[in-house]
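Visitor: Next up is a structure, given as structure tokens.
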Amino acid sequence: MTTAPVPALRRRPILADNPSVLWALLVLAIVTLGVTVLAEGAGAGVISTSFVKTLGKTLCLCLAAVAMDVVWGYCGILSLGHMAFFGIGGYAVGQWLMTARTYDIVAQSLAGQPLPPTPRELDQAVATQIFGVVGSDHFPWIWAFSHSLPLQLLMVVLVPGLLAGVFGWLAFRSRVTGVYLSILTQGMTLALSLWLFQNDSGLRGNNGLSGLQNIPGLEGWGQDRISIAFFWASALALGLGYLLFAWLTSGRRGSVIRAIRDDEARVRFLGYGVEGTKLLVFTLTAVVAAIAGALYYPQAGIINPGEVAPLASIYLAVWVAIGGRGRLYGAALGAALVSLMSSWFTGGGVPDIPLGIYTVQWTDWWTVLLGLAFVAVTLLAPKGLGGLFDLMPRAPSRRQGDWGPDDGAWRNEEGEP
Amino acid sequence: MRIVLALIAALWASMASAQTLQDLLQADPEAISDPSRRTVGEVLDRLVASGLPEVPTFLERWQAKEVVQRQSDGLFFYGTKEGGGHVLFDVSSGEEVGHSGPREVDELRPNAGVRGVIGSALIQFQLSDPDIARRQAALDAIAKDPAPEQLEPLRASLEGEDDPGVLARKERLENLLAARFEADPEARIAAIEALGSDITVEARAVLNQILSSEPRAADAIPAEANVAWKLTPGSDELPREAAYVMLVEAGLAPPRVTENAIRDALVAALAGGKVGDAPVATLGSDEARHAAYDAIAPARGLPPRISEEEVDAALGSHAFWQDYAEKDAAITGAAERALASAVTRVSLYQAADIALDAISLASIYFLAAIGLAITFGVMGVINMAHGEFIMMGAYTGYVVQTLVPDYTLSLILALPLAFAVTFAAGVAMERLVIRHLAHRPLETLLATFGISIALQQIAKNIFGTQARPLTSPSWLDGAWIVNDVLGIAYIRIAIFVLALLFLGLLLFILNRTRLGLEVRAVTQNPGMAASMGIDPDRIAMLTFGLGSGIAGIAGVAIGLYAKVTSEMGSDYIVQSFMTVVVGGVGNVWGTLAGASLIGILQKGIEWFNPSNTLAAQTYMILFIIAFIQFRPRGIVAMKGRAAGA
């Protein structure tokens, strides 16, 4: 039997390999510029500051959803804990925001006194201000770095990275997979949120961190300009994150990641390091989710343990599933669409439907609609909204050479990206 | 008996001298009509000593403000209001003796303090009262507010007591009072030692009262002091600052100048932007402030600062100890031994109590998780809406209860009805959703989650957000109480029995019926089972229905002791998942082991850290994550080929 010579596979630039990345970045750029021009802070004033914030928050959620898509849609790990990492990022940056701002306020109020305040007096006044609500008057150990922005930003990356790394290492090395792994990540999220709910966790328990929308050092700016700045930062983060994950999931590494999703044992037998790859994906996505959270909460203004609860992480999975797993733009689309629609429906933006004896109020029925829509998407359209793009006419495949040696395989179907 | 004889003797004596109660009262009418807390004791003693049988009645009615004094002759009567005046009754015979017009009599209104003294004088009569309820009331009064003078009457009343329950209670109280107030040290120590076997809260309170102590400081421990234990300054028990404050309060050391005092002194000395020679702007640190204070202190007559070294020296040259209020070391020693023995007993009973709690929690988790485990075993599917089936069962119980007012009947109706409702819901969900997602377990998980949030919101829309009660029948109210420490509510016993029942039922179905055989076959190898003529779809549908039905029953059981809300399912779902993960899937014994482990663990952690249930749950989840490391497939893992599926 003779085999035709297989042309050498040449690695092509990822953008050429994934034209969707360019399109997605273009759409993002257009949206960003459009919002900026229309916003109160910078231009026409058609879009209110609060809506700019909503859009900025949505971009952060999109980034988290893209990360979720990589870990679930590409690597097959249904993590029910990525919103916990998102929350950790928010808490980390919130610690600095709250400390720095309270220092400013306290320093101002102490300036009227006859003697200049000593550092000890200042610390104590700040601690009383922040922790009085949980009956404490000193900084817990967990706030050790809260006076320094760079250190705290380092925490945004380090804490979720370490947590995800250790958790992932423990879970993957004992070959916990599938549903077991999902439940375990949910357990981790629940443990974290229960711990945060305690007053003696040092993070103000049930009260969470508040006043995060006031950025120390930018007092002169006004919320309209700050909102635009954060919107830009969120858009930039989403763009960079998108590129990072497009790169991660392209080429041979991307193939290994997808293969792990489809048949982990087979990849292991082929000699690839399954555990290392999974750990890399899990940790990296956790860190990106944390960065998204660090950008989200200064726009939201408040963070409390409820945001870290298991339900939030499941919703993240819902967004990705509705948007379409296994394609990055699908996840971003799903997150944007569902979270915006959610705030539109629950915010009373949709008129009620009178049915004679009963009036459907969307504030009550939106969750029902979402839940059923979610079931419908899972059942009827497993590709999600992103699947709509497959209906568009596309250029013939530029794949070179044969699909593979096995005549009996579904090679055409499996060869599709 | 003795007191009764004495009373009879006194009665004879009084009759012989023909002294009536009225005579006695008239001996010092001021003391009756205008008593004060200090003087009333004397007249009470006199009344009690007279031994007249009508004295207790008089005291009670005096206490109840029912005694009046006629202005014209100063005689005392019992009076009840009628029209503008009073109907008068004789104090001895209680017979009606006439009427009085308005303002002809004064109502006696002893103040609360006096009434209290009268009450304690009454107790000795009530202790021997023929009415058992009044004897018990008197004992309650003693237990609530023990006093030395109650000891003798209580002892005297022991002999005439014929009710065994009241007698036991009297003996216990006598022991408690003796331990605290007995004058003779030997007898007191004996009473204290007897308390060592008593695990009630009151006994321990008495022992703790005897052992009450306070921290003291002196140059050296005086010889007559009864030292509980020595204190070390700088320890957790006695921080350095607190120790120095004790020295200051005892006059053994000069007070420290606080940072606030320094600041105030500096502010007071502020002149022309300077304090002494130091410009104000430089005073932004503790060191600078101290230096400035030291500079101005001598001139302004301010106390010098006490340095840390001086504090250490003062602490080092004095002795600190915890000093017993009770000066007799033999008594405190006996009390310490008795308390240690009581505490040991109490902790043994507490351990038993925790074990009961753990078993009851384990039965709840078992009921909540077993359905989940069966469906997971057969279909490899985690049903996120399982918690909502629990909620549906509980709401079914609530609805039945609103229709059938009799709680027993409604419970009997609710259990099968809840099973039927959730069985139907489970089968419907299996047919409509899960069957179409075969072999895609993660997507099933998410689809069922969608159903879960929809069901939860629908329940919220129908029943509102407030908690609905599911009242248990009265025969399930109350608790089985062994003693003060050990006890368990009947409802929890009922849930335990229910869990046992379902354990037995499931074992029977799985091991002894055709359906069970087929279920086990599908669990182990669906393909092979199908080849053998078993319809896996039918089995999947039935097991899903069965699992959901049990969730409904669990919902009724949980609703009986917790409130029924639309979110109750999500409170149990994560624990149920954990139970399944820890126990291992597809096996009833595995779920039982998982539920027991989680129940015991949660209660055990709560025992070590009783103030904090949240922390207990956190630690438990961390433990489970660690546990999975060692047994990734649960305690009872499937072996062989089935494990890989």
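Visitor: How many residues are in contact with a Phe, Trp or Tyr (Cβ under 7 Å, 6 or more places away or on another chain) and under 25 Å from B:Ala137 (Cα atoms) when one looks only at the range B:21-75?
Guide: Residues meeting the conditions: 4.
Visitor: Quick test for you: out of B:Leu445, B:Leu455, pick the one residue that is buried (at least 17 other Cβ atoms within 10 Å of the Cβ), over 40 Å from the mean Cα position of the chain (by Cα) and either more than 8 Å from chain A (Cβ to nearest Cβ) or not in a loop (DSSP other than H, G, I, E, B) (or both). Working first, answer last.
Guide: Values: B:Leu455 fails: over 40 Å from the mean Cα position of the chain (by Cα).
That would be B:Leu445, the only listed residue that is buried (at least 17 other Cβ atoms within 10 Å of the Cβ), over 40 Å from the mean Cα position of the chain (by Cα) and either more than 8 Å from chain A (Cβ to nearest Cβ) or not in a loop (DSSP other than H, G, I, E, B) (or both).
Visitor: Output the number of the condition that B:Asn461 fails; it satisfies all remaining conditions of (1) under 17 Å from B:Ser548 (Cα atoms); (2) of a type outside the set (A, V, I, L, M); (3) within 10 Å of another protein chain (Cβ to nearest Cβ).
Guide: Condition not satisfied by B:Asn461: (1).
Visitor: Kindly indicate whether any position in the range B:274-282 is free of Cβ contacts under 8 Å to residues at least 24 places away in the same chain, among the basic types (Lys, Arg) and within 13 Å of another protein chain (Cβ to nearest Cβ). Step through it out loud before you land on a result.
Guide: Residues of the range B:274-282 that are free of Cβ contacts under 8 Å to residues at least 24 places away in the same chain, as a first pass: B:274-282.
If we keep only those that are among the basic types (Lys, Arg) as well, we get B:274.
Next, only the ones that are within 13 Å of another protein chain (Cβ to nearest Cβ) stay: B:274.
Yes - at least one qualifying residue is present in the range B:274-282.
Visitor: Scan the range A:180-209 for residues that are more than 17 Å from B:Ile621 (Cα to Cα) and within 9 Å of chain B (Cβ to nearest Cβ) and report the count. Working first, answer last.
Guide: Just the residues of the range A:180-209 that are more than 17 Å from B:Ile621 (Cα to Cα), to begin with: A:199-200, A:202-209.
Keeping just the survivors that are within 9 Å of chain B (Cβ to nearest Cβ) gives A:200.
Number of matching residues: 1.
Visitor: Go through (1) within 14 Å of B:Phe627 (Cα to Cα); (2) modelled with pLDDT of 85 or more; (3) not hydroxyl-bearing (Ser, Thr, Tyr) and name the single condition A:Leu192 misses.
Guide: A:Leu192 satisfies every listed condition except (1).
Per-residue answers, yes or no, for (1) under 21 Å from B:Asp145 (Cβ atoms); (2) more than 47 Å from the chain's Cα centre (by Cα); (3) at pLDDT 80 or above; (4) of a type in the set (A, V, I, L, M, F, W, C):
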{"position": "B:Trp62", "(1), (2), (3), (4)": "yes, no, yes, yes"}
{"position": "B:Val67", "(1), (2), (3), (4)": "no, no, yes, yes"}
{"position": "B:Glu82", "(1), (2), (3), (4)": "no, yes, no, no"}
{"position": "B:Gly85", "(1), (2), (3), (4)": "no, yes, no, no"}
{"position": "B:Pro102", "(1), (2), (3), (4)": "no, yes, no, no"}
{"position": "B:Arg109", "(1), (2), (3), (4)": "no, no, yes, no"}
{"position": "B:Val117", "(1), (2), (3), (4)": "yes, no, no, yes"}
{"position": "B:Ile123", "(1), (2), (3), (4)": "yes, no, no, yes"}
{"position": "B:Leu127", "(1), (2), (3), (4)": "yes, no, no, yes"}
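Visitor: Which pairs turn up if I take residues in the range A:131-151 that are of a type in the set (Asp, Glu) and look for partners that are assigned to a helix (DSSP H, G or I) with beta carbon separation below 7 Å, at least 6 apart in sequence or on another chain?
Guide: Taking only residues 6 or more apart or on different chains, the pairs are A:Asp137/A:Gln124; A:Asp137/A:Ala127; A:Asp137/A:Thr128; A:Asp137/A:Phe131.
Visitor: Take B:Leu122 and tell me if it is closer than 15 Å to B:Glu66 by Cβ and in contact with a Lys or Arg (Cβ under 8 Å, 6 or more places away or on another chain).
Guide: On the way: closer than 15 Å to B:Glu66 by Cβ: yes; in contact with a Lys or Arg (Cβ under 8 Å, 6 or more places away or on another chain): no.
When the stated conditions are applied, B:Leu122 does not pass them.
Visitor: Given the conditions (1) touching a Phe, Trp or Tyr at 6+ places or on another chain (Cβ under 6 Å); (2) not in a helix (DSSP H, G or I), and given that B:Val311 satisfies all but one, which numbered condition is not satisfied?
Guide: For B:Val311, the failing item is (2).
Visitor: I've got another one for you. Looking only at residues in the range A:356-384 that are of a type in the set (Ser, Thr, Tyr) and touching a Gly at 6+ places or on another chain (Cβ under 9 Å), which one is farthest from the other protein chains (Cβ to nearest Cβ)?
Guide: In this case the residue turns out to be A:Thr363.
Let's see how each residue does on (1) surrounded by 24 or more Cβ atoms within 10 Å (Cβ to Cβ); (2) more than 23 Å from B:Leu500 (Cα to Cα):
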position	(1), (2)
B:Asp323	no, yes
B:Lys327	no, yes
B:Gln350	no, yes
B:Leu356	no, no
B:Val378	yes, no
B:Asn383	yes, yes
B:Met391	yes, no
B:Pro405	no, yes
B:Ile412	no, no
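Visitor: Further question on the same structure: List every residue pair whose Cβ atoms lie under 9 Å apart, where the two residues are 6 or more positions apart in sequence or sit on different chains, the first residue falls within the range A:109-125 and is more than 7 Å from every other protein chain (Cβ to nearest Cβ), and the second residue, located anywhere, is among the aromatic types (Phe, Trp, Tyr) and part of a loop (DSSP other than H, G, I, E, B).
Guide: Between residues of the range A:109-125 that are more than 7 Å from every other protein chain (Cβ to nearest Cβ) and residues that are among the aromatic types (Phe, Trp, Tyr) and part of a loop (DSSP other than H, G, I, E, B), the close pairs are A:Asp123/A:Phe139.
Visitor: Do the conditions hold for B:Gly545, that is, is it within 21 Å of B:Met379 (Cα to Cα), more than 14 Å from chain A (Cβ to nearest Cβ), outside any loop (DSSP other than H, G, I, E, B) and modelled with pLDDT of 90 or more?
Guide: yes
Visitor: Modelled with pLDDT of 85 or more, closer than 30 Å to B:Val201 by Cα and out of contact with any Cys (no Cβ under 8 Å at 6 or more places or on another chain): which single residue out of B:Ala243, B:Ala338, B:Ala329 fits that description? Walk me through it before giving the result.
Guide: Numbers: B:Ala243 fails: closer than 30 Å to B:Val201 by Cα; B:Ala329 fails: modelled with pLDDT of 85 or more.
Step by step, each of B:Ala243, B:Ala338, B:Ala329 is checked, and only B:Ala338 is modelled with pLDDT of 85 or more, closer than 30 Å to B:Val201 by Cα and out of contact with any Cys (no Cβ under 8 Å at 6 or more places or on another chain).
The values are calculated or read from the model by the stated rules, or taken from the named source; none is laboratory data. Worth saying up front: this structure is predicted, and the values here are computed from it rather than measured. Please note: Cβ atoms are built from the backbone with ideal geometry, for glycine as well, and neighbour counts cover all protein chains shown.
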